[in-house]
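K.L.:
Encoded as structure tokens, here's the structure I'll be asking about.
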Amino acid sequence: MAYLITCAGSKRQPISNPSSLQELSFHNELGDARKKLIALNPHIQLNWELTLPAWQLYSGPRSRLYPPITVANWTKNCIDIKILSALFGWIKYTDLVPYYDLKMSDNIPQTRQKIFQYWHNQNLLNQFVNQNDIDLLSGDYRKAVHGNTNPISIIPNTQFTDYGVQKGIWLNNQLENTICN
């Protein structure tokens with residue numbers, strides 16, 4: 001079981017921590033689609049010399065989902081959290097990622113296609129979702145996976161009124177109860 005979450009528009013500035021596109025999780029399956037999307041968005045300049053683990057990068061000053069999760073929970077070695085990035089598709093929360101600014105609702109300049117439409121048309125993201133995963137995604141991120149806003153796997157049995165903060169608190173509580181061997 002994995003927890004499926006979105007990336008965040010609010011990002012921190014990375015530090016000297018070299019990585020590369022090829023080192024991201026799911027590279028064999030998503031590598032070509034990532035390269036193509038980067039090429040279609042020439043305004044995006046990636047500095048792979050400056051990166052942070054995804055969970056830290058997305059914990060920027062206006063991030064809502066990430067800050068409620070404690071560092072101790074982010075650093076547990078037995079959890080599986082997949083982040084759906086507008087630029088990279090699925091990544092692991094531990095992947096080293098450079099700063100970028102792109103949302104699923106943004107248009108690709110050359111095609112005027114929305115980012116979520118690009119990912120949906122690639123028909124690649126759904127292969128990484130299992131029926132027992134926990135879906136904490138938002139609408140456009142679900143559209144990227146299967147074309148509509150319906151849940152893509154199990155949704156928590158709770159009502160979220162402030163989706164970011166409350167999802168972060170809920171996820172932190174779930175992770176608190178996870179015991180690693």
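The values are calculated or read from the model by the stated rules, or taken from the named source; none is laboratory data. Everything numeric here is computed off the predicted structure, so don't read it as measured data. Cβ: placed from backbone, ideal geometry, glycine included. Neighbour counts: every protein chain shown.
K.L.:
Please list, ordered by first then second residue, the pairs with beta carbon atoms under 8 Å, 6 or more apart or interchain, first in region 103-115 and farther than 12 Å from Leu37 by Cβ and touching a residue at least 40 places away in the same chain (Cβ under 8 Å), second of a type in the set (A, V, I, L, M, F, W, C) and surrounded by 13 or more Cβ atoms within 10 Å (Cβ to Cβ).
P.N.:
Lys103/Ala86; Lys103/Ile115
K.L.:
Quick check on my filter: what residues within region 98-120 are in a loop (DSSP other than H, G, I, E, B) and within 15 Å of the chain's Cα centre (by Cα)?
P.N.:
Correct list: Pro98, Tyr99, Tyr100, Asp101, Leu102, Lys103, Met104, Ser105.
K.L.:
Check region 137-157 and report whether any residue there is touching a Cys at 6+ places or on another chain (Cβ under 7 Å) and either of a type in the set (Lys, Arg) or in a loop (DSSP other than H, G, I, E, B) (or both).
P.N.:
no
K.L.:
For region 1-25, give me the residue count where each residue is assigned to a loop (DSSP other than H, G, I, E, B), among the aliphatic types (A, V, I, L, M) and at pLDDT 95 or above.
P.N.:
The number of residues fulfilling the criteria is 2.
K.L.:
Also: Residues Asn132, Asn148, Asn157: which one is of a type outside the set (Val, Ile, Thr), modelled with pLDDT under 95 and surrounded by fewer than 18 Cβ atoms within 10 Å (Cβ to Cβ)? Break it down into steps so the answer makes sense when it comes.
P.N.:
Working: Asn132 fails: modelled with pLDDT under 95; Asn148 fails: modelled with pLDDT under 95.
Of Asn132, Asn148, Asn157, the one residue that is of a type outside the set (Val, Ile, Thr), modelled with pLDDT under 95 and surrounded by fewer than 18 Cβ atoms within 10 Å (Cβ to Cβ) is Asn157.
K.L.:
Say whether the condition of being part of a strand (DSSP E or B), touching a helix residue (DSSP H, G or I) at 6+ places or on another chain (Cβ under 8 Å) and closer than 12 Å to Leu84 by Cα is met by at least one residue in region 121-136.
P.N.:
yes
K.L.:
Kindly indicate the residue of region 1-20 that is surrounded by 16 or more Cβ atoms within 10 Å (Cβ to Cβ) and of a type in the set (A, V, I, L, M) and also farthest from Ser63 (Cα to Cα) among those meeting that condition.
P.N.:
Ala2
K.L.:
Right, something else. State all residues of region 22-43 that are of a type outside the set (S, T, N, Q) and free of Cβ contacts under 8 Å to residues at least 60 places away in the same chain; if no residue qualifies, say none.
P.N.:
Across region 22-43, the qualifying residues are His27, Gly31, Asp32, Arg34, Lys35, Lys36, Ile38, Ala39.
K.L.:
Could you look through region 42-78, keep only residues that are in a helix (DSSP H, G or I) and within 18 Å of the chain's Cα centre (by Cα), and pick out the one that is surrounded by the fewest Cβ atoms within 10 Å (Cβ to Cβ)?
P.N.:
Across region 42-78, the extreme among qualifying residues is Val71.
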